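What follows is a single structure, written as structure tokens, with notes after it.
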Amino acid sequence: MSEAIKNRYDFVILFDVENGNPNGDPDADNMPRIDPLTQRGLITDVCLKRKIRDYVDTVKEGEEGYRIYIKKFISLNKNDEEGCESVGILKKDLKKLKSAEKDKAILNYMCNTFYDIRAFGAVMTTFAGMNSGQVRGPVQLTFAQSVEPVTAMDVGLTRVAQATESDLENKGTMTMGRKYIVPYGLYRCEGFVSANLARKTTGFSEEDLSLLWQAIINMFELDHSAARGKMAVRELIVFKHDSEFGNAPAHKLFDLVKVTRKDDSGLPARAYTDYEVSVNETALPVGVTCTRMI
């Protein structure tokens, strides 16, 4: 694999949803996640990482080094067994054959093979006590939160087509259903890329980083569905440090990004054009540069 990245990055993602449910809560009948105190919408980091994984899996399908470890219909045990076989041992023999050398060899194989392990890390619990079972990845995301409070609407649905012959005989019978949507919401997510972890742990490279930016920008483009409505990444703002450990605290860089309403009518926002996004680049610390994508 290529050499690991040498610079730390912090970034802000701005994306919106229109008439969709961006991340339903299974413990609340799949309603959109909302902070009960502020009424701001929430989207988990796990949800966003899934979009990135799916994008990479689609555009890099079949390419060596870009497989996805956490994927639907793929057993994690099977992937772990493959890692063990790469160093010539069976997974069931790990405990009695444990050694730092074999441990490192398995870790290297898993990182070189699976893109999402190189990026996000993984908890490979089936590795039975091996240090390679827990990998801390250099790329981390926060929960996304809507810029303003959002309203979750409960929309009633009816179905004209009947499922059974008896339903056809009873012409008044129709299936009822429900659909939860957010009419509009602009969400903000913040993230971090650690060059130090990339160097010491997974080998996350410049090529991997470029693919990450590409995946973030396009993470909803290959994932459209009626349930999620219209979702789009509107801007990716990347802060690059000229060192491995960084030149400024991440929160100070995030504070430079402001999202404000263009008017004070009091009406709820219904489009991205209702907002203005600014970055105070004159206040950038020494050794940090800013790139705005899209």
If you take the square roots of the eigenvalues of the alpha-carbon gyration tensor of region 138-203 and sort them as a ≥ b ≥ c, do you get rounded (a/c under 1.5), prolate (a/b over b/c) or oblate? oblate
Within a Cβ distance under 10 Å of Asp10, other residues only, what is the Lys/Arg minus Asp/Glu net charge? +2
Using helices alone, I'd like the mean residue ellipticity at 222 nm for the chain: each DSSP H run of four-plus residues gives -39500 (n - 2.57), total over residue count, nearest 500. -6500 deg cm²/dmol
Out of Glu190, Glu221, Glu165, any idea which swings most in a Gaussian network model of the chain, alpha carbons joined below 10 Å? Glu165
Give the average over all directions of the projected area of the C-alpha convex hull of the chain, one decimal, in nm². 20.7
Once you've got the GNM for the chain with C-alpha springs shorter than 10 Å, pick whichever of Tyr180, Tyr115, Tyr275 has the biggest mean-square fluctuation. Tyr275
Order 261-269, 233-241 from most to least packed using the mean count of other Cβ atoms within 10 Å. 233-241, 261-269
Given contacts defined as C-alpha pairs under 8 Å and at least six residues apart, what's the relative contact order of region 1-48, whole-number percent? 22
Segments 38-50, 149-161, 70-82 sorted - mean Cβ within 10 Å per residue, highest first: 38-50, 70-82, 149-161
For the ranges 280-289, 191-200, what's the packing order if you count other beta-carbon atoms within 10 Å of each residue, average per peptide, and put the highest first? 191-200, 280-289
Taking a ≥ b ≥ c as the square roots of the eigenvalues of the Cα gyration tensor, with a/c under 1.5 meaning rounded and otherwise prolate when a/b exceeds b/c and oblate if not, region 130-289 is oblate
What whole-number distance in Å separates the alpha-carbon centres of region 133-204 and region 215-259? 18
Filter the GluC sites (Glu not before Pro) in region 14-74 down to the DSSP loop ones having no more than 13 other Cβ atoms within 10 Å, then list what survives. Glu61, Glu63, Glu64
For Ala232, which sequence-distant residues (separation of 5 or more, or a different chain) have an amide H within less than 5 Å of its own amide H, given hydrogens modelled in the peptide plane? Asp16
Checked against the positive end of the charge dipole of the chain (+1 on Cβ of Lys and Arg, -1 on Cβ of Asp and Glu, about the Cα centre), the farthest of Ile13, Leu253, Tyr115 is Tyr115
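Throughout, read-outs are computed from the coordinates displayed, never taken from laboratory work. Since this is a predicted model, take the numbers as computed values, not measurements. Cβ coordinates were reconstructed from backbone atoms using ideal geometry, including for glycine residues, and neighbour counts include every protein chain displayed.
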